[in-house]
Amino acid sequence: MFVDAGCGEYLSEQPVKYSKVPNVICVLPGTSNRVIIVGAHFDRVSTSDGVADNWSGASLLPSLYESVKIEPRQHTYVFIGFTDEEQGLVGSRFYARNMTPEQRALTDAMINMDTLGLAPTEVWAHRSDKRLTRALISVAWSLKLPLSGVSFENVGSTDSESFRTRKMPSITIHSLTQKSEDAQILHTRKDKLSAVNLDDYYDTYHLLAVYLGYLDHFFDEPETAAAH
């Protein structure tokens, strides 16, 4: 899918220790050395088809690459499909752990997508960087798209934690609700295409596509102005 989207020259696989499957990395160069990472895991549990969790996130990576590459950009965007998230964030922890101190310092944001389309767009506000969350709220408001804050803790962890614990600003976009939990969709045979609301899924894609473009200039703004 990355190749079809036009990411050939800067497409690579990162072998991951303790995993048989590599991380898949597509780099979209910018004019500066500042970096925005966009990630989603592509593995699934054996008891599920894994459509919502998390092909919904992984399949958006090439589409978001296409949306960002249209315009010139300052940031270098690194799109990563993470392996073995379900085994304990194996792929994202390996990637973050192998970043140099300089690479961590140059990372302005890590945008994580995990389980989309079960409901309108949500953000894991409790664990997400406040400034990145404010920026997402601003974009959602300008587009008149729904956005709410819903905790992720009751279903486990997610790949943004590998970056947050290493002091890199991160945010997780998802669609988990009490309704989807009560329906026991995750990690079961119910996690199939029929569980995904395609209108909600498209709204999430639309929001993320604009958000990624907005972030390219967002960090140039004074933090007080951005908060306002």
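The numbers here are math on the coordinates, done by the rules we state, and not lab data. Nothing here was measured: the structure is a model prediction, and the numbers come from that model. All Cβ positions, glycine included, derive from the backbone under ideal geometry; neighbour counts span all protein chains shown.
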**OP:** Only helices at least 15 Å long along their axis, Cα-based, and averaging -0.5 or more on Kyte-Doolittle count here, so list those DSSP H runs from the chain.
**Re:** 130-143, 198-218
Subject >> Hull shadow area, averaged, the chain [alpha-carbon convex hull, nm²] >> reply: 11.9
Original post:
Which is farthest toward the positive dipole end of segment 23-122 among Thr107, Ser48, Ile25, measuring Cα position about the Cα centre, with Cβ charges +1 (Lys, Arg) and -1 (Asp, Glu)?
Top reply: Thr107
**OP:** Kindly count the pairs of lysines across segment 2-227 whose alpha carbons are less than 23 Å apart, treating pairs on different chains or eight or more residues apart as eligible.
**Re:** 5
Original post:
Based on DSSP H runs of at least 4 residues, each adding -39500 (n - 2.57), what is the mean residue ellipticity at 222 nm of the chain after dividing by all its residues, to the nearest 500 deg cm²/dmol?
Top reply: -9500 deg cm²/dmol
Subject >> Long-range Cα-Cα pairs in segment 114-228 (distance over 18 Å), rounded percent >> reply: 53
Original post:
Using unit Cβ charges (K, R positive; D, E negative) and no other charged atoms, how large, in debye to the nearest 20, is the dipole of segment 2-227 about its Cα centre?
Top reply: 480
Original post:
Taking K and R as +1 and D and E as -1, what net charge do the other residues with C-beta under 15 Å from the C-beta of Tyr10 add up to?
Top reply: -2
Subject >> Stokes-Einstein diffusion coefficient of segment 53-156, Kirkwood radius over Cα pairs, 10 °C, 1.306 mPa s, in µm²/s >> reply: 102
Original post:
Which percentage, to the nearest 5, of the DSSP beta bridges contained in the chain is antiparallel?
Top reply: 40
Original post:
How long is the gain from Arg34 to Lys179 if the chain were fully straight, where each residue apart is worth 0.36 nm and the alpha carbon distance is subtracted?
Top reply: 48.3 nm
